[in-house]
Amino acid sequence: MTDFTSMDVAELRDVIASHRAEVEADPPALVPAFAEAQLALAAKLSEAGEMERALAASIEGVDHLRLLTDSDVGTFAVHLASALNNMSNRLSDLGRDDEARLAGDEALALGKRAIDTAPAEARFVLVSTLMNQSGRSWRAGQSLRAIDELGQAVEIFRDGGEALYSFLGIMVDALHRNAMALAEGGLWEEAIAVRRMTAEVFPEDQVPMAVHHLLALTLQQGAFAKSRDGFYGESLPLVEEAAELARALAEAAPDQYRLFLAQSLANLASRQHEAHADAEALDAAVEAVGVFQEQAKIDPASALGPLVPTLETFASILNTLGHTEQAQNILGQRDHLLGVLEQAKGQA
């Protein structure tokens, strides 16, 4: 079988030219190599930035695959679905997202019908198409639709089992990039939803710790944004979940995640204090200080800096609860620590 992806642009054009007369005859000959070469050429032209020519080649490839699919749907339907998905990307490259969505919808319909005959290939096409459709939804400001499409992609990926595991890295990377973009745009609820989806692509007992870590960080950032905007109560479930994730990580890998647990508990205390849940905040602050002190025995440089604002939060909580003398003692510890840090800085 010919590997068209290894050919350069000139070779692909030669293959296309060699078959053009027969595929343009009446009736046209059915030549799979013609469609494959066109689609490979479209990919090469896209990589070279020749977007209009890439789209033209993609359209010709899709048109011929339609004829092939009409003659043998079992063999070619999944290939047509893949080609339509790729053509949708060529359309989006040119800012034609509405047309791209129509091509994507057709790819989805074909992919769903091809699951019985080519389950792994069809699922991969469905996942890729849904991810692309989700990108179009984000660009159109349709966040709920985008999240739904990502969720469908994750579900189809999981249903594919081990047959799709070779694409796990691609899936995780795409979800990570989506979550990062959403976080940068301040869309915290959506970013958190995508972080949760990332965990869902793994078997339940094989989720990497880094995935839980990123979810916890995003939850903390979302909680901070909620609290900053005055939605103190809404911040609490997010920061509480983040602290629980951090606790589990620290139990599994204490040397790696002890500092993160301390920081997470400090964040929890701050959000609870802002929400006037000061009894709970006191417990979190006490635990945070304790974990920071444990970390300081092992790596003082990493622990002492973030301990300063934690002590300030601790003192503020104590003042609010009427424990003014204890608050002054904590501020004294903070001042002593600041002196130690200044001295260390001067010796560096």
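The values are calculated or read from the model by the stated rules, or taken from the named source; none is laboratory data. These figures come from a predicted structure and were not determined experimentally. FYI the Cβ positions are ideal-geometry reconstructions off the backbone, even for glycines, and counts take in every protein chain you see. We work out accessible area using only protein heavy atoms, side chains counted, and drop any ligands, DNA or RNA first. Shrake-Rupley method; radii C 1.70, N 1.55, O 1.52, S 1.80 Å.
Details
- Residue within region 196-207 that is basic (Lys, Arg), open to solvent by less than 30 Å² (accessible area, probe 1.4 Å), free of Cβ contacts under 8 Å to residues at least 40 places away in the same chain and touching a helix residue (DSSP H, G or I) at 6+ places or on another chain (Cβ under 7 Å) present: no
- Within region 230-251, the set of residues being out of contact with any His (no Cβ under 8 Å at 6 or more places or on another chain) and either over 12 Å from Ala262 (Cα atoms) or assigned to a loop (DSSP other than H, G, I, E, B) (or both) comprises Gly230, Phe231, Gly233, Glu234, Ser235, Leu236, Pro237, Leu238, Val239, Glu240, Glu241, Glu251.
- Taking the listed residues Leu304, Leu338, Leu318, the one that is surrounded by 13 or more Cβ atoms within 10 Å (Cβ to Cβ), modelled with pLDDT under 95, of a type in the set (A, V, I, L, M) and over 30 Å from Met209 (Cα atoms) is Leu338, with no other qualifying.
- Among the residues of region 1-31, those that are under 36 Å from the mean Cα position of the chain (by Cα) and either at pLDDT 95 or above or not in a loop (DSSP other than H, G, I, E, B) (or both) comprise Phe4, Thr5, Ser6, Val9, Leu12.
- Any hit, region 116-131, residues being loosely packed, with under 15 Cβ neighbours inside 10 Å and either out of contact with any helix residue (DSSP H, G or I) (no Cβ under 7 Å at 6 or more places or on another chain) or part of a helix (DSSP H, G or I) (or both): yes
- No other residue among Arg53, Arg101 is part of a helix (DSSP H, G or I), closer than 29 Å to Arg145 by Cα and open to solvent by 10 Å² or more (accessible area, probe 1.4 Å) apart from Arg101.
- Applying the condition of being more than 15 Å from Ile330 (Cβ to Cβ) and assigned to a helix (DSSP H, G or I) to region 284-301 and asking which residue is most open to solvent (accessible area, probe 1.4 Å) yields Lys297.
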